[in-house]
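The values are calculated or read from the model by the stated rules, or taken from the named source; none is laboratory data. This one's a predicted model, so the numbers in the text were calculated from it and none came from an experiment. Glycine also receives a Cβ, built like all others from the backbone with ideal geometry; neighbour counts cover every protein chain displayed.
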Amino acid sequence: MNNISTPSRSTIYDSSKQRNSAIEELRSVFRYRDLIFQLIRRDIVTRYKRSVLGILWTMLNPLGTMVILSVVFSQIFNMGGTYPAYIITNLVAWNFFSQTTAASLNAMLWGSSLFQRIYLPRTSFVVATIGTGLVNTLLALVPLVLIYLVTGIPFQATVLLLPVSMLLLTAFSLGISLILSTFVAFFPDVAEMYPILLTAWMYLTPIIVPEEIYTKILGGWLLRLNPFFPVIRVFRLVIFDGKYPTLAEWGIAAGVALGTLLIGWIYFTQKSNSFAYHV
Amino acid sequence: MSNLSPEPQNDTAIFLSGVSVCYRLPSEKVATLKEYMIRLIQGKIRYHSFLALNDVSLVVKKGEIFGILGRNGAGKSTLLKVISRVLMPTRGRVWINGMVSPLLEMGSGFHPELTGMENIHLNATLLGHSRKEINQKIPEILDFAEIGDFIKAPLRTYSSGMYMRLGFSVATAWLPDILILDEVLSVGDAAFAQKCTERMRSFRESGATVLLVSHSIDTVRSLCQRALLLEHGNVLEIGPASEVSEKYNHIIFGK
């Protein structure tokens, strides 16, 4: 009964050999991939398993918002029958971004007590949150397809580029999540302020309101200064507009998304060594 | 300290060389960003440094039971955090050979809505084990925890005893190379406590290195071969447990 076996791997940790914390963290996350899988599983199971409405709710939420906004705004914006599809496309992308970034803050607060006691790759909770968001988005695509069918808007071949635009959206969300999580490790009240920032950000991005209206405000600078805009634009272009984004549109979106991820990853891993100093 | 080798050897488990940890703390506790911003504008952010560990050098060999003594705030927890990789030292080198297990407070990381089985997987991956390693250990964990069919039920339906048994079984299913014992074990009923003691003994017999942190001089004297005495982050004495305990006795009771 007490035949306890030694773990197979031999691990030597040497603090003087930890040269690049960003790369070191990447390796650690890979070693702890089973943990990330378990964290995603936990979030999915607790959300969907024991409630009948769980899965339905993820689909009904964007659908409900879409119906309300369509009733209110479709006459104002003069987009006619395409407005519901426009809204739900943007909402799927926006919900992914807003939910993952907000959830990563809470995951960080939950994890901080563990970070004080055991070694874990510090990015694992944030990475897992993004994974959970991807599963939820997959479910949210069901009402999206439904709306396109009902309102008779055809999908073009460009929709095949959805995975690429989703990848950029994921990279951007992960980058922002990492930056925010670093803040929240030092100042927990950031988690309370973030929803306000998020509301402002939503109205500064063409999600409910058509893009043309923003180009008329302040000479279009609102869009040029908004890092989320190029990322959500390629998402919308391939699904809703049915257009291939130009090379420039891809370039800006990829530059912003991957740049944000790189900055977030390096900033987080530079600072993560001092997380445990903050009791 | 002439007995310290400059490089870790084959039989070294823990090697610390000139390790210092310096906390940089704001003079007044600034807990929120709002407060921080206000004080930043007012120019009122001042820091003071606090040396939690000062130039600590230490070699622990494999299989040794090593005691750490010191008063509250002497730097014991900081030393353990540095050894368990939670904290990077400000200066110096930390070299560890093997898996360090802090024997977490049982069941931290458990989720009440998940079943016992799901919680085993979650908790074991938090401790750094892979899925393959966990699947191999499942029968043993179940056998030890004595949960029965409840393993398929959500954790919120468990009694506190079952909760603790499951937590302990997962935490001790793997033999760590280096075990950190920071608190006295008191889990469940007498029969289960007996099983825990047996498991602790098997850890020792199997050659794991044990770091024992205790206020009790008697415990350290009876269990450890060597010990370390910390005071204000400095190593006061390092050597045979009996001598170090005596010194500790001396500084706390002044005799």
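Taken over the range B:52-94, residues that are assigned to a strand (DSSP E or B), closer than 16 Å to B:Y23 by Cβ and within 9 Å of chain A (Cβ to nearest Cβ) amount to 1.
Quick grid of which residues meet (1) touching a residue at least 40 places away in the same chain (Cβ under 8 Å); (2) more than 14 Å from chain B (Cβ to nearest Cβ); (3) touching a Phe, Trp or Tyr at 6+ places or on another chain (Cβ under 6 Å):
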{"residue": "A:G54", "(1), (2), (3)": "no, no, yes"}
{"residue": "A:T65", "(1), (2), (3)": "no, yes, no"}
{"residue": "A:F73", "(1), (2), (3)": "yes, yes, no"}
{"residue": "A:N78", "(1), (2), (3)": "no, yes, no"}
{"residue": "A:T82", "(1), (2), (3)": "yes, yes, no"}
{"residue": "A:N90", "(1), (2), (3)": "yes, yes, no"}
{"residue": "A:A93", "(1), (2), (3)": "yes, yes, yes"}
{"residue": "A:G111", "(1), (2), (3)": "no, no, yes"}
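Taking the residues in the range B:237-250 that are without any contact (Cβ under 8 Å) to a residue 40 or more places away in the chain and not hydroxyl-bearing (S, T, Y) as candidates, determine which candidate is surrounded by the most Cβ atoms within 10 Å (Cβ to Cβ). Ranking the candidates gives B:E237 first. The residue that is surrounded by the most Cβ atoms within 10 Å (Cβ to Cβ), counting only those in the range B:107-125 that are within 7 Å of chain A (Cβ to nearest Cβ) and at pLDDT below 85, is B:G109.
When we screen A:L197, A:L222 for residues that are assigned to a helix (DSSP H, G or I), at pLDDT below 85 and farther than 17 Å from A:V92 by Cβ, the only hit is A:L222. Being touching a Phe, Trp or Tyr at 6+ places or on another chain (Cβ under 8 Å), under 23 Å from A:V256 (Cβ atoms) and not charged (D, E, K, R): is that true of A:S124 here? Considered against the rule, which asks whether it is touching a Phe, Trp or Tyr at 6+ places or on another chain (Cβ under 8 Å), under 23 Å from A:V256 (Cβ atoms) and not charged (D, E, K, R), A:S124 comes out as no. Of the residues making up the range B:37-77, not one is among the β-branched types (V, I, T), exposed (fewer than 15 other Cβ atoms within 10 Å of the Cβ) and under 21 Å from the mean Cα position of the chain (by Cα). Suppose we keep only residues that are at the interface with chain B (Cβ under 9 Å from one of its Cβ atoms), closer than 23 Å to B:N119 by Cβ and at pLDDT below 70 within the range A:3-52. Which one would you say is nearest to the chain's Cα centre (by Cα)? Among those residues, the one meeting the criterion is A:R50.
Using the structure shown, decide if B:L228 is among the aliphatic types (A, V, I, L, M), touching a helix residue (DSSP H, G or I) at 6+ places or on another chain (Cβ under 8 Å) and at pLDDT 85 or above. So B:L228 passes the test. Every condition in (1) at pLDDT 90 or above; (2) in contact with a strand residue (DSSP E or B) (Cβ under 6 Å, 6 or more places away or on another chain) holds for B:I134 except the one numbered (2).
Under the condition of being of a type in the set (K, R) and without any contact (Cβ under 8 Å) to a residue 40 or more places away in the chain, the residues counted in the range B:42-67 number 2. Considering the range A:113-130, the residues that are more than 14 Å from chain B (Cβ to nearest Cβ) and not in a loop (DSSP other than H, G, I, E, B) include one that is farthest from B:T125 (Cα to Cα), namely A:I130.
Every residue, every condition in (1) within 22 Å of the chain's Cα centre (by Cα); (2) more than 14 Å from chain B (Cβ to nearest Cβ); (3) farther than 30 Å from A:P121 by Cβ; (4) hydrophobic (A, V, I, L, M, F, W, C), yes or no:
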residue	(1), (2), (3), (4)
A:A200	yes, yes, yes, yes
A:V209	yes, yes, yes, yes
A:T215	no, yes, yes, no
A:G219	no, yes, yes, no
A:P227	yes, yes, no, no
A:V231	yes, yes, no, yes
A:F240	yes, yes, yes, yes
A:Y244	no, yes, yes, no
A:F275	no, no, no, yes
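For the range B:141-160, does any single residue satisfy the condition of being at pLDDT 85 or above, within 13 Å of chain A (Cβ to nearest Cβ) and within 29 Å of A:I12 (Cα to Cα)? Checked against the condition, which is being at pLDDT 85 or above, within 13 Å of chain A (Cβ to nearest Cβ) and within 29 Å of A:I12 (Cα to Cα), the range B:141-160 yields at least one hit.
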